[in-house]
1. Quick test for you: out of Phe135, Phe84, Phe122, Phe157, pick the one residue that is among the aromatic types (Phe, Trp, Tyr) and at pLDDT 95 or above.
2. Kindly establish whether Asp152 is under 30 Å from Arg10 (Cα atoms) and more than 20 Å from the chain's Cα centre (by Cα).
3. If you take the residues of segment 269-315 that are among the basic types (Lys, Arg) and outside any helix (DSSP H, G or I), which of them is modelled with the lowest pLDDT?
4. Would you point out the residue of segment 80-102, among those that are touching a residue at least 40 places away in the same chain (Cβ under 8 Å) and loosely packed, with under 13 Cβ neighbours inside 10 Å, that is farthest from the chain's Cα centre (by Cα)?
5. Being aliphatic (A, V, I, L, M) and either farther than 30 Å from Gly224 by Cβ or crowded, with 16+ Cβ neighbours inside 10 Å (or both) is the filter here, so list the residues in segment 256-265 that pass it.
6. Pairs under 7 Å by beta carbon, first residue farther than 20 Å from Ala55 by Cα and at pLDDT below 90 in segment 32-44, partner small (Gly, Ala, Ser) and surrounded by fewer than 24 Cβ atoms within 10 Å (Cβ to Cβ), six or more apart or different chains?
7. Any residue at all in segment 63-70 that's touching a residue at least 60 places away in the same chain (Cβ under 8 Å), buried (at least 18 other Cβ atoms within 10 Å of the Cβ) and touching a Phe, Trp or Tyr at 6+ places or on another chain (Cβ under 9 Å)?
8. For segment 245-301, which positions are among the hydroxyl-bearing types (Ser, Thr, Tyr) and in contact with a strand residue (DSSP E or B) (Cβ under 8 Å, 6 or more places away or on another chain)?
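The values are calculated or read from the model by the stated rules, or taken from the named source; none is laboratory data. Because the structure is predicted, anything quoted here is derived from the model rather than measured. Note that each Cβ is placed from the backbone with ideal geometry, even for glycine, and that neighbours are counted across all protein chains shown.
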Amino acid sequence: MTAIQATGLRKSYGEKTVLDGIDLHIPEGTVFALLGANGAGKTTTVQILSTLLPADAGALRVAGHDVAHDPDGVRAAIGVTGQFAAVDNLLTAEENLLLMADLHRLPRREGRRRATGLLHRFELAEAAGKPAGAFSGGMRRKLDLAMTLMGDPRVLFLDEPTTGLDPRSRRTVWDIVRGLVADDGVTVLLTTQYLEEADRLADRIAVLDHGRIVAEGTAGELKGRMPGGHIRLRFGDPGQLACAAALFDGIGSPDTEALTLRIPGDGTVPTLRAVLDALEGASVEAQTLTLHTPDLDDVFLALTGRSGPQAAGVR
């Protein structure tokens, strides 16, 4: 089953084209990540699919509902968490959740049941009676996510949900997202400025650049398209380096100052075993071996001509 389907999605502001005919196909119960530099169109995509902005063109369906002709059906099936926590600082954690229950028109008993369950699930039960203004950034983000889940959404839009969080809080949010998908079957469309986040969470990743999807696939598939994988050997003396360089003449790149030899490789076990067998057969001993495979930052740089979003400090 398809949770999100977009065909030929376009959006412009005057003469500036923000989305230039993008296509998305996101199965139920998966995490799909949109990566892109500032202005690539990530947030605009989320706003259109969540009915907050109209599209200029395109056929769009979310949770089985047509975005243009049945926006109320879409809104009833989704939850949206933006870049900044939308909590009321004057209300307690429990009061924030009960406010969401009222907005969803839940019966009082059902609202309290869901609020209690979410407070425990997000490890906020002990802070239930404290005002949200006293919470840390990580606690506020957890409360914000819990508020989004009060409506029991089938599709969850997370627009840079861990921006500004410390590493521990970021990993807590990751665990929550994994649990929502694995345990509840929720579909997540994630935009992020952290390449590691997409690598850890997403079943599939799309790279947006100037309003177009320039690549899509699993993290492994995207990395596999990139050249640059290599094995780096360090030797104890110039003689050992020279012998190794002769073994791999024509493919190895020796560095006589660092006493290292760089050999192209795809990172697979057979390639690594072949290199080690060749060294052992020639009685050449390397002090250290380092394996480098392309990461998502390499992918992003190759596709967009820029370093990864978080390295560039953009969203």
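1. On inspection, the qualifying residue turns out to be Phe157.
2. yes
3. Filtering segment 269-315 down to residues among the basic types (Lys, Arg) leaves 273, 306, 315.
Narrowing further to those that are outside any helix (DSSP H, G or I): 306, 315.
Values: Arg306: 57, Arg315: 35.
Here the answer is Arg315.
4. Applying the filter and picking the extreme gives Leu90.
5. Passing the criteria: Leu259, Leu261, Ile263.
6. Final answer for the pair search is Ala37/Ala312.
7. No, every residue in segment 63-70 fails to be touching a residue at least 60 places away in the same chain (Cβ under 8 Å), buried (at least 18 other Cβ atoms within 10 Å of the Cβ) and touching a Phe, Trp or Tyr at 6+ places or on another chain (Cβ under 9 Å).
8. The answer is Ser253, Thr260, Thr271, Thr288, Thr290.
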